[in-house]
Amino acid sequence: MIGAMRIDLHSHSSVSDGTDAPAAVVEHAVAAGVDVLALTDHDTTAGIAEAAAHLPPGFTLVPGIELSCAHRGSSVHLLGYLFDPDNPELTAELRRVRDDRIVRARTMVERLRDLGVPVTWDRVRAIAGDVDGRDVVGRPHIARALVEAGAAEDVQDAFDRWIGSGKPAHVTRYALDPVRAVRLVRAAGGVCVLAHPARGEGELTRAVPDELVERMAEAGLNGIEADHPSHDDAERAHWRRRAAELGLVVTGSSDDHGELTGRRLGCSTTDPEAYAALVAQATGAAPYTG
């Protein structure tokens with residue numbers, strides 16, 4: 001029975017930069033034949049409670065997060081699972097990342113206005129929505145506002161033309177050191193997986209350096225997301241090999257963002273034995289089962 005399980009360990013909701021509410025993400029996962037889903041919104045766990053309240057019988061939700069990290073000017077993302085969400089040090093860092101995300105977004109909108117682009121902060125906020133009265137604005141929401149205003153053909157064009165790295169309205173932001181991020185998650189009783197290592201975020205396409213992955217493994221990294229929709233066969237093989245060399249599990253997932261990615265939940269999955277190995281090493285929290 002366990003061999004038939006379909007496990008997707010990377011997804012996003014409207015709590016960060018997905019288009020579907022957490023409950024809807026669960027609904028779409030069930031429709032896609034997924035049995036175990038990790039909700040991993042960017043730098044927040046605010047959608048976990050809603051998702052957990054809408055689980056059908058037998059469906060499992062893994063509480064998680066995707067942490068924003070940076071190494072030598074390039075984006076690195078870390079998936080954290082099953083950690084204590086009340087851990088003081090991790091909570092403080094997440095608050096700092098989220099607060100800086102809003103400052104960055106407002107500054108980017110101001111730069112766009114100075115450039116004559118008709119995008120307003122109120123409209124960007126409306127596109128993003130809020131969670132418990134808190135702004136959850138990110139670059140994809142600004143990109144959607146740019147498309148709406150006729151300043152870009154689509155979200156990717158908005159990044160390429162206006163808000164990507166080196167573009168006229170781009171603003172850098174605070175991000176964690178990847179090795180420190182691993183230590184924070186492990187200290188909170190969680191487990192962590194390096195997300196999509198063969199690609200960067202948006203326009204930053206450099207692969208994560210091997211020496212950094214080795215230092216992350218020494219700090220307690222548990223796995224590598226080798227099977228990702230953006231990875232080709234050669235990249236998947238490379239990162240599977242590196243995971244084996246470092247004694248790490250291999251995961252696969254959709255990195256679904258709702259409409260933005262074509263609702264692809266379950267397009268890449270994690271082997272049940274790898275999932276079991278991750279859960280066995282976590283002490284901060286447990287999966288939810290409907």
So, relative contact order of the chain in percent, Cα under 8 Å, 6 or more apart, is 25 percent
Note: residue 177 to residue 237 extended length (0.36 nm per residue) minus current alpha-carbon separation gives 19.0 nm
Label model pair residue 259, residue 149: point-to-point distance (7 angstrom along the Cα→beta-carbon line) in nm is 1.9 nm
In whole percent, the fraction of accessible protein surface over the chain that belongs to carbon or sulfur atoms, probe radius 1.4 Å, stands at 48 percent
Residue-normalised value, i.e. accessible area per residue, for the chain at 1.4 Å probe, in Å², stands at 42 Å²
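Cα gyration tensor of the chain, axes a ≥ b ≥ c as square roots of the eigenvalues: rounded (a/c below 1.5), prolate (a/b > b/c) or oblate?
On the way: a/c = 1.60, a/b = 1.38, b/c = 1.16.
Note, shape of the chain comes out prolate.
Based on DSSP H assignment, which helices of the chain show an axial Cα extent of at least 15 Å together with a mean Kyte-Doolittle hydropathy greater than or equal to -1.0? The partial results should precede the final answer.
Details: long enough: 88-114 (39 Å, -0.96); 233-246 (20 Å, -1.54).
Passing helices, by number: 88-114.
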Residues whose modelled amide H sits under 5 Å from the amide H of residue 59, counting only those 5 or more places away in sequence or on another chain, are 290
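Rounded, prolate or oblate: which one fits the range 228-288, using the alpha carbon gyration tensor with axes a ≥ b ≥ c (rounded when a/c is under 1.5, else prolate when a/b beats b/c, else oblate)? Please report the intermediate quantities before stating the final value.
Values: a/c = 2.77, a/b = 1.13, b/c = 2.45.
Oblate is the answer for the range 228-288, as a/c is 1.5 or above yet b/c matches or exceeds a/b.
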Residue span residue 165 to residue 230: 0.36 nm per residue of separation minus Cα-Cα distance leaves a gain in nm of 21.5 nm
With every protein chain in place, the accessible area of residue 159 for a 1.4 Å probe, in Å² rounded to the nearest 10, comes to 20 Å²
Each label sits 7 Å from Cα toward the beta-carbon; between residue 89 and residue 110 the label points are separated, in nm, by 3.4 nm
The answer for the net charge of residues other than residue 89 whose Cβ lies under 13 angstrom from its Cβ, with Lys and Arg +1 and Asp and Glu -1, is +2
Expressed as a whole-number percentage, the relative contact order of the range 25-169 with C-alpha contacts under 8 angstrom and at least six residues apart is 14 percent
Magnitude of the Cβ-charge dipole (Lys and Arg +1, Asp and Glu -1) of the chain about the Cα centre, nearest 20 debye, reported as 600 debye
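In terms of the Cα gyration tensor, with a ≥ b ≥ c the square roots of its eigenvalues, is the range 5-116 rounded because a/c is under 1.5, prolate because a/b exceeds b/c, or oblate? Show your work: numbers first, answer last.
On the way: a/c = 2.22, a/b = 1.66, b/c = 1.34.
Note, shape of the range 5-116 comes out prolate.
The values are calculated or read from the model by the stated rules, or taken from the named source; none is laboratory data. Small disclaimer: the values here were computed from a predicted structure and weren't measured. Quick reminder, even Gly has a Cβ in these numbers, built from the backbone with ideal geometry, and neighbours come from all protein chains shown. Heavy atoms of the whole protein, side chains included, go into the accessibility calculation; ligands, DNA and RNA do not. Shrake-Rupley method; radii C 1.70, N 1.55, O 1.52, S 1.80 Å.
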